[in-house]
Amino acid sequence: MITRDQISTVLDHPVYDSNGNKIGDARHVFFDDVTGEPEWVSVKTGMFGTSESFVPIHDGTVVEDHLEVPFAKDTVKDAPNVDVDAGGHLSEEEEHRLYEHYGIDWDTAWQQANQRGEGGWAPTGTGTTAQTGTAAGREPAGDDAMTRSEEQMHVGVERRATGRARLRKYVVTEEVQQTVPVRHEEVRVEREPITDANRDAAMSGTDITEAEHDVILHEERAVVETETVPVERVRLSTEERTDEETVRGEVRKEKIETDLTDETDQSDR
């Protein structure tokens, strides 16, 4: 059980679950309106502590410089969202929702509860009021000044995968047409008259005889063969571009008002 004297050790310090995992940092401690004892603690969770989850601290223990609660980290982070008013007060309906989330029966708790200090634990029935940490302005005794605090929003970025690009190589067949010159031989009969220059060759044979003379004809044909040659290298690369994105959130701030009382009018009554 956490006592009022241990509040300074709890606020703004780490909160761990029953398995030794850090849940976040304690932001507020809520007190029972009837007994005035610590009842709940809100823990800053999520990225940059942008969310607050409520967890009972009746069975919590202070170990060195942190608070340990008998609930799993995921259970605390999944607790119902509670919109605490400006006065830092939990309503009875909100407490009902939180008790139900943590498996604490509201009616049974009333029946089994004894007074504080005797080991009992009873739900308040009228809500709880918060005390904030050092960042929320705890006032030292005897100080005539009041500290005004406000929440600040811290925005960060997270990197996540949005898609996948892949290079894939496959084979296609294309028809290629190319014109090349080809040659061939044709027979041509040449006749020449007998002259003094060729008379001896013409008269070298017999007078009358039969003879044959063959000529082999040639032609060229187009021949196709293929050769594989590298033509280019292809790779994937990424390029970062910077865009602007506007995010919105809610922050709370304290305001200080001055109430003036006309003592002159009161003294005349």
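Kindly indicate whether D243 is at pLDDT 90 or above, more than 30 Å from T173 (Cβ to Cβ), loosely packed, with under 10 Cβ neighbours inside 10 Å and acidic (D, E). Yes.
Within the range 82-89, is even one residue modelled with pLDDT under 80, closer than 30 Å to V157 by Cβ and surrounded by 18 or more Cβ atoms within 10 Å (Cβ to Cβ)?
Going through the range 82-89, the residues modelled with pLDDT under 80 turn out to be 82-89.
Of the ones still in play, those that are also closer than 30 Å to V157 by Cβ are 82-84.
Cutting the leftovers down to surrounded by 18 or more Cβ atoms within 10 Å (Cβ to Cβ) gives us 82, 84.
Yes.
Right, T209: more than 30 Å from D144 (Cβ to Cβ), part of a loop (DSSP other than H, G, I, E, B), without any contact (Cβ under 8 Å) to a residue 24 or more places away in the chain and over 52 Å from the mean Cα position of the chain (by Cα) or not? Here the answer is yes, as T209 does meet what is asked. You will find that of V251, V189, V229, V215, the residue that is within 30 Å of S51 (Cα to Cα) and out of contact with any helix residue (DSSP H, G or I) (no Cβ under 8 Å at 6 or more places or on another chain) is V251 and no other.
From the list E37, E92, exactly one residue is among the acidic types (D, E), at pLDDT below 80 and under 19 Å from I2 (Cα atoms). Which is it? Please lay out each step first, then the result.
On the way: E92 fails: under 19 Å from I2 (Cα atoms).
Sole residue among the options that is among the acidic types (D, E), at pLDDT below 80 and under 19 Å from I2 (Cα atoms): E37.
Of the residues screened, V62 is not one that is under 17 Å from R97 (Cβ atoms), modelled with pLDDT of 85 or more and in contact with a helix residue (DSSP H, G or I) (Cβ under 9 Å, 6 or more places away or on another chain).
Run down T75, T108 and say which single residue is modelled with pLDDT under 75 and among the β-branched types (V, I, T). Every option except T108 fails the conditions. Based on this model, can you work out whether E245 counts as out of contact with any Asp or Glu (no Cβ under 8 Å at 6 or more places or on another chain), closer than 30 Å to V155 by Cβ and in a loop (DSSP other than H, G, I, E, B)? Criteria met by E245.
The values are calculated or read from the model by the stated rules, or taken from the named source; none is laboratory data. Since the model is a prediction, treat every value here as computed from it, not as a measurement. Here the Cβ is made from the backbone with ideal geometry for all residues, glycine too, and neighbour counts use every protein chain on show.
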